[in-house]
Amino acid sequence: MSSLLAIATKAPIIPTFSARALRDTSADVRDSYTWHASTYVEQPALAELRQSFVEAVTQAKTPKACLIAPFGYGKTASAIGLWNACAQANLLVVPPISCGSFTELAGAIYGWLAFALPDSAPPLTEAHDKFLVSSAESLARHDERTFGIPFDQAVTAIRDKLERGYLDFDDVSINLLAFLEQATAVVQQAGYNGLVVMIDEFQQLLGNANKGVLLALRQLIWSLRVRKLPFGLVLTMDPDTERTLSDRAGDILHRIKDDGFYLDIRHIYDHAFPARLWQQYATALDLSPDEQHAIDHPALEALGQLCERDDLSNGPRTVINVLQRAAERWAMEGQAVYTPINLIDDLLTGTIRFDGDRGVVPSLVAELLNFPYFQRSGERAGTLKLIAAFPRGCPEQVAEQYGLGQAWRELNDDLRGEIVTETDEGLALIELQRVGRPANRLNILLRRYWMQITDQQLFAEEAVRVFRDIVLPLLFPNKVHDLNGWSGVDEIDLTADNTYAGIIEGTASTAFPLRRVAISVRSADLTDEPIEPFDDVDLQLVFALDVRPEAASSVTIEANGARVVVALAVGRVAEQGLYGSIGWIAHYLSPHPISPAVVLSLLRYLGREHLDNLPERDFARIEDTLARLREWLLAELFPAALFGSTSITVVSAGAGAIKEFFFQLFTRRWPSYHALVRFPTWAAMLKDYQQALGRVAPLAKIGQEPVTNGKIQIAELFEQKRHAGFDSYARQYGSLLQLETWQGNDGAIRLLPHPAEIRIAEQVRSQGVCEEQVIYAGLRQEGFAAAEAAQIISLAIARGLLKRDGAQITVPTAPTALELETRLQALSQRAQRLGRIPEHVSTLLIAFNPGVEHAAAAAWRLDQAERQLSKLEDQAAAAMKAHRESLRHQIMQHLPQLEQELPAPPAGTLIHQLTAVRKELAQKRGKLKDPANTFVANPDPALPLSTIESLASQIETWASQTRYYANWITFAKDLAELHEALGRTEAGSSGLELLHRQFDQLNRQARSVQAEIGMKGLAEVDRLRATLTDLNRQFDNLIDDRRAAYERTAARISDTVARLLDLPVTLPIPAYQPVNDAQSYRMLRHSIATTVSRAVALLAVGLVESQQASAQEKRNLGSLRKRIRDVSAMSRNPDKLFVEPSLSMKPDLVERIRKLRDQVDAHKQPDTTPSKTRSRLVAALSDLPSGPTNISSLLDKMNGTISRDDLLNDLLQLHENGLLRLIVDLPEPGDA
Amino acid sequence: MTTFHVRHDFSPIVAREALLLLRIAPVPSERDFIALARSHDFELGRRQSLAKVFASLRDLGLINRGGRDEPLALTTLGQQLANLALRDELLLTELIHLRYCWLWTPENGGEGFAWAYQTVAGLLWDEAPTPIDTDRLVATIIAGAEEQFAFKGASFSPSSVLGIMHWLRALSPACIIAGTFRQRPACAPEALLITLEAIATVSGAPTGTALRLDAATRSRACRALLIDGDAFDDTLAQLEELGSLMRRTSDGGETVLLLDAPFSGLAPQRNQR
């Protein structure tokens, strides 16, 4: 324990003894240096130097050695180590001393040698005295020659100064050299191999490096070069002194370097140094095995990696500081082992003072530990410290050793590339790497952002403020001039009700300049209605931010367009995530789902970074990414679809969408507004205009007369010094100023009032007197900006249209000619809109002529006209209302029809044409349905009459076409039926042939109507219908022809069947029914099909299986029976048996039957029954009706050609073969 | 090869507006288009005629070259860019820049205006950092047209340079700063992907084969994108991270296998995926 305390109390800085201390307390100096030497660890480079140096001394090469390093790099310790090592080599070494003069140096050497060689004191004293005397005498002679000072007095005085080290001069070094030669000789005589002198902190001796000192030093060094003495000189100095010496006396430095013992010890400490030093401590202090583990191996390795980096540590001084701390911890904290994590903790707390002066490691670790990523996990924080302790890289095994393997792997996965890097040795902090640090600052920023991102809630608390800071300036960029940008955005501040609110003024569209917009940004869950400033604003715009992921964005227009509420779902996950050129950033935000809130948070984070000091490249890249993120954010927050519910269509997204929205909202709200402010310098120009108004005649002020004058004079009216370019200048005033002539030296202009000036003049005239505020409010209602409204009033007053009377506005007694003219124009336009007006009204609408009529009389006349016009307008409006209502009823009647699907056309020759018609009608229906429903449900008075009329007309046309289409469907069905009837009726009479031709003609007509005329020809169906009716009537009348045709058909098909199946030709034929032609043919088909089916089935009657038949033969027979059953079943279906409409048997089925018969014949066994009889039986069976048949009736059909027993035998055989069923039926009593 | 002039009437803002309007539906006529633009308070609506804007859109293959009476409608490529215009204006600009660049190649020839565009951009890239000297650029193009195409008196003027500068100035990160052209420190990953595919295509690499990233390829890509070498490497790393390409390094050098081909039809492609 005490040994470790010795380490703990060991000062990291070894003080250098002064020359006087060396002389006065030589034993103390020796003991102190000896203790330090015992714990000194010699670096390989120093060992090499020491060995060569000792040899050089021994070989009398008079070597000069020099160690260079800043404070803290162990110059003194190295010198002590060298002192100790040289002493081991039997050299007498004057320990490292600091001295301020050569005399002091000589005194120190003298003192130490006297202490070390007490037996050699006399010669040493003699030599030292000689040095002093020689030096003093030399100077005294100089004083005597120069100043006439008596030699004795001078010697006494100078010697005193020399002894106290106050004097150095060129001759001193020569005398010192002589002293050193004598001292070396004394040392040799005492049995030593040589003498070594060590001057520590050489800068003390060099002082301010004045000329005298440098001269003395030069003489000493140069002289030593030419001496062959077993004498060595060791110097230590800091790099500043080295630089000074190099600048002022480079030759001296070169002579020192020439000997080859010149070493900069800043770079000699390798990473194994702490471990070796600790081992040295263990040995020198005899540490117990437990004590030796006071610091673990990874900590020694980490310390080594730190101490080899002069930017991260103060080299050996840091090492000693840490080892002291480790020893202290062991001793004071219950034998706690010191780890790399303790090392970083001590750096963080400042317990370790020597942190490389700049504190790179502690400041970096402290910064990183502040990120929630580390704050959330103690393991991660511990691992960060562990990794920070190893600038070369912390191996995974080391992390495992502290139970931090999992966290090590997490950091490797999460932070590699931006915060940590994987080196050959393990994970290291990128910021601690000298080379290979990524140049890409953006990626590092993104990773750091990721480490601090926590959850949406954290952001939610600040969402409103961040939105104000980031989004509002993007939507409302700073004002450039009155027609571009906004002012006041930075004054939107937090209010007492927890919203950010304020009024901004600016221009989104030049069509609506200088709008005042009250902005309020608030949380969507704010329950109380906030108090917002909306004094004299054009629009209240509320952004309600909802951070819930399930929220939805919306836009609502309230108060007739004066208030817009934009609810923004900032926490909603973006469907497409980050896309396009910023898609790669999603990797840095994983696993957080991308939402506007996250991007806002990222922008806020990046915005706090100080980018100005970054390299240009990083700056440009980050700025570019910021721009893209902002664009993404705005597009995500304000997509075009967001405004869909307002019935305002925007095609842009982001800030563009807002601009479009404002423009259309304002256009809708102020449809007749035309801006007064049309150019950026409007204020100055209108000031000039008003001055011009003040300088022209009254009639010229209101445009009744032009201003005619020289160009110069006209330009001067507007404060323009030159008339060149006045025409361009005048154009900027728009309708306020007309340039009538501008030729030669003369010009003529006309100053015209803005239409709004006339309106307010009329308003005041109609009311007699008006508050200015009322007029102002009226103008604001019309859409004029606040500044415009004030300007219009001002212009009207300047023009003489209005007069200001305190806070009230009045007009001149009689209306001006301009007012009368304007009023007449307005009334004439109203009359024009009415169309024809009675003569008594039109006579009132004549121009005012001041020569024949007084202005008051003209005003009265126009009043009369206006009253009449108002009456006429009321009448027209009532008529219009009735008309609109009538149209609405008309449309409403068709609504049920519009809801119904159109019937599909029937199969037949017209199906294609009618399908096309149906499709077109369906499309029209689709287009008309919604407008019709909308109009009927909510007849918008603003909807133009022409639109309603057009809608009604289209619906009427559609309804008519739909009716005709229904008629066509009926027609097509009937046509198809007649077509079918004629198709099955074989021609054979002139009547039927004529009917065929007429039908074909009608069919062609119908198709051509559809094909060539299309929708327009739908009405033709009525004409075609009549012809079809006539043809049907003709068909009905041709009874005999039809019957004959039927019978021909029946005979033909009977004949075919009989031949095919070898049946009697007298097959049963159903009778023809004249009233139901189709039914007759259906029965015929059914009858024939039954016969054929049965006949085919009975083919199997003759197939008797022989008892000697082989298995193959049996299989063949079975197969044949199956085929017979299949064909029989198929034949039973008339649709499969016959070809329509000619009612002939299908050739393929005929062929199959024929083939079956051949195969049956081939398999037939010798039959005991005569074939003829069997044929008759088959015919009889084929002819049987459906259902059971009495055997006696079958016997009758056979007409005695077979006996009862034979018949029963045959039937029994057929029964056994499954071709028919014999049923025994026991009758109920009385029912036999 | 009809003209070398790059229309100055066609700028990023009007291109974007035109694409956004046509994205909704075809427009029957120019007059209707102007009315539509005015109803949205677009810059396009302030022009008397849009003939030159439409001509540029047609030259770039973004709207159909229909007859006079046919409605104005986007091509498939135009539709893709219109969708992009809605959400990524900066990338849109970069892609139209690439469209100009790739409508002419030394291997396959193409449009004269595209040659002029890429020659001006390439010259600036070669000499970066360099001030924009319009007169010198005009003289270079006229002389180059004569040398390359034996075309005397090419129609190219300072306004043509302005037409090119509209696009170069709009690129992000900027390549023109305070009147001086500089190589850009970054570009959009998609732009590099399109460029590499185009280089592979015109150099005859079969579909599905890797592209060797030799010095010539790197230089050609950087020149087209106006970026420096570090930006090329950074963006390549991003593309690899996004899974759009696969990098292989061997003794024979580095190759990339392109796994994605966005914006079909914008630049030469081996396989229209």
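Figures for the structure shown
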item	result
q = 0.26 Å⁻¹: log10 I(q)/I(0) that the Debye formula gives for segment B:187-273, counting C-alpha atoms only	-1.61
Over chain A, relative contact order from alpha-carbon pairs under 8 Å, at least 6 apart, %	5 percent
Per principal axis, descending, Cα span of the protein assembly as shown in whole Å	184, 138, 78
Cα-based equivalent ellipsoid of chain B: semi-axis lengths in Å, sorted from largest, via gyration tensor	30, 23, 18
Residue list for segment B:88-118, given a label point 7 angstrom along the Cα-to-Cβ vector of B:Thr130 and an amide N cut-off under 15 Å	B:116-118
Calculated Rg and Dmax of segment A:1-118 using C-alpha coordinates, Å	14.8, 47
Complex-versus-alone comparison for segment A:558-590, residues with a loss of 40 Å² or more in accessible area, probe 1.4 Å	A:Tyr579, A:Gly580, A:Ser581, A:Trp584
List of segment B:21-49 residues, accessible area with partners at least 50 Å² below that of the chain alone (1.4 Å probe)	B:His40, B:Asp41
Residue-normalised accessible area of the protein assembly as shown, given per residue in Å² at a 1.4 Å probe	46 Å²
Segment A:460-523: relative contact order as a whole-number percent, Cα under 8 Å and 6+ apart	29 percent
Estimated 222 nm signal from helices in chain A, with DSSP H stretches of n ≥ 4 weighted -39500 (n - 2.57), rounded to 500	-18000 deg cm²/dmol
Segment A:42-92: translational diffusion in µm²/s, Stokes-Einstein, Kirkwood Rh over Cα pairs, 4 °C, 1.567 mPa s	114 µm²/s
Lysines with Cα under 17 Å of A:Lys927, excluding same-chain neighbours fewer than 8 positions away	A:Lys919
Lys, Arg +1 and Asp, Glu -1 on Cβ, resulting dipole of segment A:509-608 about Cα centre, debye, nearest 20	480 debye
Of the chymotrypsin sites (Phe, Trp or Tyr not before Pro) in segment B:4-111, those whose Cβ has at most 16 other Cβ within 10 Å and which sit in DSSP loop	none
Sequence-separation-based contact order of segment B:171-273, relative, with Cα cut under 8 Å and 6+ spacing, percent	35 percent
Lys, Arg +1 and Asp, Glu -1 on Cβ, resulting dipole of segment A:661-738 about Cα centre, debye, nearest 20	240 debye
Listed residues A:Gln292, A:His996, B:Gly112: farthest to the positive end of the dipole of the protein assembly as shown (Cβ charges)	A:His996
Between 0 and 90°, nearest 10: helix B:134-149 axis offset from chain B longest Cα axis	70 degrees
Apportionment of accessible area to carbon and sulfur, the protein assembly as shown, percent (1.4 Å)	50 percent
Among B:Ala224, B:Leu60, B:Leu259 - extreme Cα towards positive end, dipole of chain B, charges at beta-carbon	B:Leu60
Where labels lie 7 Å past Cα in the beta-carbon direction, separation of A:Ser1106 and B:Ala143 in nm	11.0 nm
Among B:231-243, A:504-516, the order from most to least packed when residues are scored by Cβ within 10 Å on average	A:504-516, B:231-243
Sequence-distant aspartates and glutamates (8 or more away, or on other chains) whose Cα lies within less than 16 Å of A:Lys228	A:Glu55, A:Glu181, A:Asp258, A:Asp259
FRET E, pair A:Leu895, A:Ser645, Förster distance 30 Å, beta-carbon r, rounded to 0.05	0.70
Gain upon complete extension [A:Ile1223, A:Arg731; 0.36 nm per residue less C-alpha separation]	165.5 nm
Most positive-pole-ward Cα, A:Tyr588, A:Gln189, A:Ile955, against dipole of the protein assembly as shown from beta carbon charges	A:Ile955
Solvent-accessible area buried by B and A, counting both chains, probe 1.4 angstrom, square angstrom	2500 Å²
Shielded by partner chains, segment A:617-657 residues - at least 50 Å² of accessible area, 1.4 Å probe, vs chain alone	A:Arg617, A:Arg621, A:Asp624, A:Arg628, A:Glu631, A:Val651
Segment A:483-566: Rg to Rh, with Rh as the Kirkwood radius over Cα pairs	0.98
Non-local Lys pairs in segment A:610-762, i.e. 8 or more apart or on different chains, that have alpha carbons under 25 Å apart	6
Of A:Lys803/A:Lys871; A:Lys61/A:Lys130; A:Lys64/A:Lys211, pairs whose Cα-Cα distance is over 27 Å	A:Lys803/A:Lys871
Computed E for A:Thr527/A:Glu558 - FRET, C-beta separation, R0 22 angstrom, nearest 0.05	0.75
Cross-link reach list, lysines versus A:Lys1197, counting only Cα pairs under 27 Å and skipping chain neighbours closer than eight places	A:Lys1164, A:Lys1172
Dimensions (Å) - segment A:835-930, Cα atoms, principal axes, largest first	85, 22, 21
Kirkwood-based shape ratio for segment A:956-1098, expressed as Rg/Rh from alpha carbons	1.14
Calculated FRET value between A:Lys1146 and B:Glu70, using beta carbons and R₀ = 41 Å, to 0.05	0.15
Per-residue average of Cβ from other chains inside 10 Å of A:505-514	1
DSSP beta bridges in chain A [antiparallel fraction, %, rounded to 5]	55 percent
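The values are calculated or read from the model by the stated rules, or taken from the named source; none is laboratory data. As the structure is a computational prediction, the values presented were derived from the model and not from experiment. For neighbour counting, all protein chains shown are included, and Cβ atoms are generated from backbone atoms with ideal geometry for every residue, glycine included. SASA here: full protein model, heavy atoms, side chains in, ligands and nucleic acids out. Shrake-Rupley method; radii C 1.70, N 1.55, O 1.52, S 1.80 Å.
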